[in-house]
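Trainee: What follows is a structure written as structure tokens; I'll ask about it next.
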Amino acid sequence: MAEAITAAATTSLSIKPSTRHYQLFPLLHFFPNSSIELSQKPKLSATGSRYLHFVKYHGLGNDFILVDNRDSSEPKITPEQAAKLCDRNFGIGADGVIFALPGINGTDYTMRIFNSDGSEPEMCGNGIQEDGKVKVDMGEPVLKAIDVPTKLAANKNDAVVKSELVVDGVTWNVTCVSMGNPHCVTFGIKGGQVDALNLAEIGPKFEHHEVFPARTNTEFVQVYSPSHLKMRVWERGAGATLACGTGACATVVAAVLEGHAERNCTVDLPGGPLEIEWREEDNHVYMTGPAEMVFYGSVPL
Ligand SMILES: N[C@@H](CCC[C@H](N)C(=O)O)C(=O)O
């Protein structure tokens, strides 16, 4: 397994709030040698439309269209085009589009992401994984309520830990964590079984709740043991996904803060397990899991 890749949740690596910068990451690995030269300018199709070259990757079923965008600091496609390409019936099908943009300040590249609804998140855990099984340094969790961001009142130092949140008339206990993007984690599922949850019904109510000014990703968690959790996620801008790297990290941070778990946990997601460690020495969260190429190709825009 490769040494931990440094995900840029550190200030020295970030410039715009919605943009992360990466070093030590063999990006070219993502773009396989083939007759398709992915860094070339898109060509015109017979009908005159442009082609976009892409590689599709997934981490435990959380799938992304990767675009080599290192020749321009602006994404090659608009949020609307990204949403169309993510469509699972009329497009390539994915939970989002990731652009590798030129690096700055000595970094190899910059990453931007569009969710499948075209909205732009600040961070994507599965997006920073190299092919194969890798360990990624996801940086420090942000707990300060206004930085998550959440309007819920801080109740533990500056953080929101096991606070009551009324969603659709039901009171939930939630802990709010940012891993570069906002997460609301709850262990308070009625009956304790995450499988019984109607995610499509409850997920959007958390995502658009007024206490989350930037909307939120939400993790519903069942505790098997202090080192084994099960989680289902409703992602901001993408809905129910099979896995969420930042969500698994936020889950373990919340589980430790609420006293449910130790700092090293296996988190079972619908797509498979991730190993998460919230290391005491440096306060960083480390995520170990797989990333696999699915296919590459060109699509007319
Ligand atoms: N699935 C990703 C997170 C993608 C962004 C998220 N939907 C958001 O809007 O914050 C992950 O693996 O972290």
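Trainee: If you take the residues in segment 95-130 that are touching an Asp or Glu at 6+ places or on another chain (Cβ under 7 Å) and assigned to a loop (DSSP other than H, G, I, E, B), which one is nearest to Tyr57 (Cα to Cα)?
Mentor: Asp95
Trainee: May I pose another question? Scan Gly289, Gly245, Gly259, Gly272 and give me the residue that is surrounded by fewer than 20 Cβ atoms within 10 Å (Cβ to Cβ) and touching a residue at least 40 places away in the same chain (Cβ under 8 Å).
Mentor: Sole residue among the options that is surrounded by fewer than 20 Cβ atoms within 10 Å (Cβ to Cβ) and touching a residue at least 40 places away in the same chain (Cβ under 8 Å): Gly272.
Trainee: Still on this structure, I have one more. Would you mind finding the one in Gly103, Gly93, Gly118 that is over 19 Å from Gly297 (Cα atoms), within 16 Å of the ligand (Cβ to nearest atom) and surrounded by fewer than 23 Cβ atoms within 10 Å (Cβ to Cβ)?
Mentor: Only one candidate qualifies: Gly118.
Trainee: While we're looking at this one, here's another question. Report whether or not Ile77 is within 22 Å of Ala248 (Cβ to Cβ) and either modelled with pLDDT of 95 or more or out of contact with any Gly (no Cβ under 8 Å at 6 or more places or on another chain) (or both).
Mentor: no
Trainee: Are there strands (runs of 3 or more DSSP E) fully within segment 147-257 with at least 2 residues that are more than 16 Å from the ligand (Cβ to nearest atom)? List them.
Mentor: In segment 147-257, the matching strands (runs of 3 or more DSSP E) lie at 163-167, 170-178, 217-225, 228-235.
The values are calculated or read from the model by the stated rules, or taken from the named source; none is laboratory data. These numbers were taken from a predicted model, which means no experiment stands behind them. Don't worry about glycine lacking a Cβ; one is built from the backbone with ideal geometry, like all the others, and counts go over all protein chains shown.
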